[in-house]
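Encoded as structure tokens, the structure appears first; notes follow it.
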Amino acid sequence: MYDTKILPPTPEGIREAAEILRNGGIAAIPTETVYGLAANALDENACREIFKAKGRPSDNPLIVHIGRFEDIYKYAEGVSGNALRLAREFMPGPLTMVLPKKDIIPAVTSGGLDTVGIRFPANKTAQAVINECGYPLAAPSANLSGSPSPTALSHVVRDMSGRIPAIVDGGCCTVGVESTVLTFDERDRAVILRPGFVTPEDIGGIIGEDNVICSAGVTERVAEGERVLSPGMKYKHYAPKANVTIIEGSYDGYVEYVAAHNGSGVFGAVEDNRSYPFSSLFWGASPEEQARRLFDVLRGLDDRNAVQAYFPCPEKKGVGLAVYNRLLRAAGFEVIRL
Ligand code: TXA
Ligand code: MG
């Protein structure tokens, strides 16, 4: 048990977090996407502590966060032409590139794979902690494995209090969904493993739309035992205790469906659901706002002991695709098409 310290995002707070990390400890830090649970990526023992604190399966690799652009070349082998084009455009930012790894990245960090996910976060506090530390930081989202990712300090406190020595306060995350994860195939096409704020359309704009592929796991359930490009895709994710269902259809159809299935502990995005109206998240909100608020809404269901939540279906393009991908996993792929 730790007496978890909340550190301010000041030079002193950042120094204290870096000190913990340099000594092989772990600490939660803000990024622009979600809070991360960080450890020295080059230290196997420190990375093992991350898996323990999160309750994360050990075959699920950790993303390596760098604080300077050139560091891509320190940890990745053979950065392809399109990888470099995308890195130049979107780094620092909410993009993770899975590339062949250099030996310096331990197997514990890469989940036993011969690749490494590299991300250069745009968040200034994250950059400051990494650079003060002098090591790249392995960091998964700072939630308990399976629960919604943390996008506010209170979320991290809820999941990690007592489990880690420190949390750096970075307020609320501006993006709200985790980074876009992609890799490259033998023809140097980008294969999106997890959609995010950097959209397929954005990526196509840089390397050509014919060079962008969405992995099937983005919108479909990966069959039990099937080999997946990204191990994280096979786990149930982001789930509140309530059963989550996506309703695909018109606004009127949705409202009718929710009214017909109303009951105690049942929540929907409708105005007259006074106990927890999350209607503003879906009707009239931009996909960017949905992304920013989604995990907070999912956590809010637990706070209200929800039993069942009906969500309208987000747009399946642009940033909406990232919202849809997270919601699908929260719903265990349960979609009702009206
Ligand atoms: O925005 C983010 O990416 C946040 C912040 C903290 O940076 N991090 C994050 O990490 O979401 P995590 O561990 O919760 O999700 C990383 C995803 C997992 O699905 C994992 O399987 C995949 O990326 N991944 C990481 N390294 C990989 C690799 N070498 N090959 C394939 N997939 C990889
Ligand atoms: Mg995660």
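For the stretch 45-64, filtered to residues that are away from ligand 2 (no atom under 16 Å from the Cβ) and surrounded by 14 or more Cβ atoms within 10 Å (Cβ to Cβ), the residue that is farthest from P148 (Cα to Cα) is A46.
Return the residues of the stretch 116-143 that are under 18 Å from A46 (Cβ atoms) and part of a helix (DSSP H, G or I); say none if nothing qualifies. A126, V129, I130, N131, E132, C133 - these are the residues of the stretch 116-143 that are under 18 Å from A46 (Cβ atoms) and part of a helix (DSSP H, G or I). Filtering the stretch 162-192 to residues that are within 16 Å of ligand 2 (Cβ to nearest atom) and surrounded by fewer than 22 Cβ atoms within 10 Å (Cβ to Cβ) leaves only R163.
Yes/no per residue for (1) at pLDDT below 95; (2) closer than 24 Å to F295 by Cβ; (3) open to solvent by less than 20 Å² (accessible area, probe 1.4 Å); (4) within 13 Å of ligand 1 (Cβ to nearest atom):
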| site | (1), (2), (3), (4) |
| --- | --- |
| I66 | no, no, yes, yes |
| A76 | no, no, yes, yes |
| I104 | no, no, no, no |
| S110 | no, no, yes, yes |
| A142 | no, yes, yes, yes |
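Step by step: first the residues of the stretch 216-245, then only those that are within 30 Å of N305 (Cβ to Cβ) and in contact with a Lys or Arg (Cβ under 8 Å, 6 or more places away or on another chain), then the one that is modelled with the lowest pLDDT. Which residue is that? So that I can check it myself, show each step before the final result.
Pass one, the stretch 216-245, residues within 30 Å of N305 (Cβ to Cβ): 221, 232-245.
Cutting the leftovers down to in contact with a Lys or Arg (Cβ under 8 Å, 6 or more places away or on another chain) gives us 232-233, 236-240.
Working: G232: 63, M233: 58, K236: 62, H237: 69, Y238: 73, A239: 79, P240: 83.
Ranking the candidates gives M233 first.
Residues in the stretch 193-211 that are open to solvent by less than 30 Å² (accessible area, probe 1.4 Å) and β-branched (V, I, T) were compared, and the one that is farthest from N60 (Cα to Cα) is I207. Of all residues in the stretch 173-209, how many are without any contact (Cβ under 8 Å) to a residue 40 or more places away in the chain, assigned to a loop (DSSP other than H, G, I, E, B) and among the hydrophobic types (A, V, I, L, M, F, W, C)? The number of residues fulfilling the criteria is 0. Please find, within the stretch 142-154, the residue that is nearest to F51 (Cα to Cα) out of those that are in contact with a helix residue (DSSP H, G or I) (Cβ under 6 Å, 6 or more places away or on another chain) and more than 9 Å from ligand 2 (Cβ to nearest atom). Of everything passing the filter in the stretch 142-154, L144 is nearest to F51 (Cα to Cα).
Return the residues of the stretch 118-140 that are out of contact with any helix residue (DSSP H, G or I) (no Cβ under 8 Å at 6 or more places or on another chain) and either more than 11 Å from ligand 1 (Cβ to nearest atom) or open to solvent by less than 10 Å² (accessible area, probe 1.4 Å) (or both); say none if nothing qualifies.
R119, K124, A126, Q127, I130, N131
Counting the residues of the stretch 144-172 that are outside any loop (DSSP other than H, G, I, E, B) and more than 23 Å from P57 (Cβ to Cβ) gives 6.
This table checks each residue for (1) more than 21 Å from A152 (Cα to Cα); (2) of a type in the set (K, R); (3) surrounded by fewer than 22 Cβ atoms within 10 Å (Cβ to Cβ).
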| position | (1), (2), (3) |
| --- | --- |
| Y251 | yes, no, yes |
| A260 | yes, no, yes |
| S264 | yes, no, yes |
| E289 | no, no, yes |
| D296 | no, no, yes |
| R299 | no, yes, no |
| F311 | yes, no, no |
| L338 | yes, no, yes |
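The values are calculated or read from the model by the stated rules, or taken from the named source; none is laboratory data. This one's a predicted model, so the numbers in the text were calculated from it and none came from an experiment. Every residue, glycine as well, gets a Cβ built from its backbone with ideal geometry; the counts of neighbours run over all protein chains shown. Keep in mind that these areas ignore ligands, DNA and RNA; they rest on the heavy atoms of the full protein, side chains included. Shrake-Rupley method; radii C 1.70, N 1.55, O 1.52, S 1.80 Å.
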